[in-house]
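The block underneath contains the structure these notes are about, expressed in structure tokens.
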Amino acid sequence: MKNNKPNPVIGITYGTYDLFHIGHKRLLRRIKKYCDVLIVYASSDEFNLIKGKKSFDNFEIRKRNLLNSNYVDEVYKEEKWDQKKQDILRHNINIFIMGSDWKGKFDDLNEYCEVKYLKRTPFISSTKLKKKITKKNEKNKL
Ligand code: C2G
């Protein structure tokens, strides 16, 4: 951990973070205002398939993008939906923050730490970016 404060506030968030974009960066920047250390659990490639998402970037690329974002201190693999409680206890998490599209979905975790949802950035998503890239590639093939 980069932080050397005696009792750092430790934050956690989860996501695929595919095709790392401004919506992800804005969220991480705002999350980091609530904590000294930010831990991200990025969905493994296998878990993404369970989530019904085939990510464009593999886990290692998505991990590297997160660590290079300047807001993230540690990245681990999210392998299943119900690992959050054990992650929060293992890392002594103080605050769990997600984008507002998840509002209310993780309120049960407030038994273990503070739970907060921050407004999602409109108009951009990995899915939209994927569709644009696929369309462009098909056009270039013609
Ligand atoms: N996000 C955002 N603005 C966007 C897109 C995403 O604020 N335009 C936020 C989401 O709300 C989420 C985080 O960025 O908190 C990661 O989003 P995704 O990579 O789409 O991850 P998701 O599919 O929401 O997976 O167990 C939880 C899941 O792993 C969350």
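What to note about this one:
- Loop sites by DSSP among the trypsin sites (Lys or Arg not before Pro) of the chain, restricted to those with at most 15 other Cβ atoms within 10 angstrom, leave 3-50 as the longest stretch without any of them.
- Check: the stretch 34-95 dipole with +1 on Lys, Arg Cβ and -1 on Asp, Glu Cβ, in debye: 200 debye
- Restricting the stretch 78-131 to GluC sites (Glu not before Pro) that sit in a DSSP loop and have at most 16 other Cβ atoms within 10 Å of their own Cβ leaves Glu79.
- Where labels lie 7 Å past Cα in the beta-carbon direction, separation of Lys136 and Glu46 in nm: 3.3 nm
- Solvent exposure, largest accessible area first (probe 1.4 Å, DNA, RNA and ligands not counted), of Asp36, Asp101: Asp101, Asp36
- Residues of type aspartates and glutamates that Lys32 reaches as a straight line, Cα spacing below 14 Å, ignoring anything fewer than 8 places off in the same chain: Asp73, Glu74
- Whichever lysines have a C-alpha closer than 30 Å to that of Lys139, once near sequence neighbours (fewer than 8 apart) are set aside: Lys25, Lys51, Lys53, Lys54, Lys128, Lys130, Lys131
- With all protein chains kept in place, the per residue accessible area of the chain amounts to 60 square angstrom at a probe of 1.4 angstrom.
- Taking the 1.4 Å solvent-accessible surface of the chain as the whole, the part contributed by carbon and sulfur is 53%.
- Partner aspartates and glutamates whose Cα lies under 12 Å from the Cα of Lys5, excluding those fewer than 8 positions away in the same chain, are identified as Asp36.
- Paramagnetic reach from Lys80 in the stretch 10-54 [backbone N under 18 Å; point 7 Å along Cα→Cβ]: 15, 41-52
- Between Glu114 and Asn92, the modelled labels are 1.7 nm apart [label points 7 Å from Cα along Cα→Cβ].
- Convex hull volume of the stretch 10-141 per residue (C-alpha atoms, cubic angstrom): 106 Å³
- Hull shadow area, averaged, the stretch 72-142 [alpha-carbon convex hull, nm²]: 6.9 nm²
- Using alpha-carbon coordinates, inclination of helix 126-141 to the longest axis of the chain, degrees: 20 degrees
- Residue among Leu28, Phe56, Tyr76 farthest towards the positive dipole end of the chain, charges placed on Cβ: Phe56
The values are calculated or read from the model by the stated rules, or taken from the named source; none is laboratory data. Just so it is clear, the structure is predicted and the values come from calculations on it, not from any experiment. Positions of Cβ are backbone-derived with ideal geometry, glycine not excepted, and every protein chain shown enters the neighbour counts. Areas reflect the complete protein model, heavy atoms only, side chains present, ligands, DNA and RNA absent. Shrake-Rupley method; radii C 1.70, N 1.55, O 1.52, S 1.80 Å.
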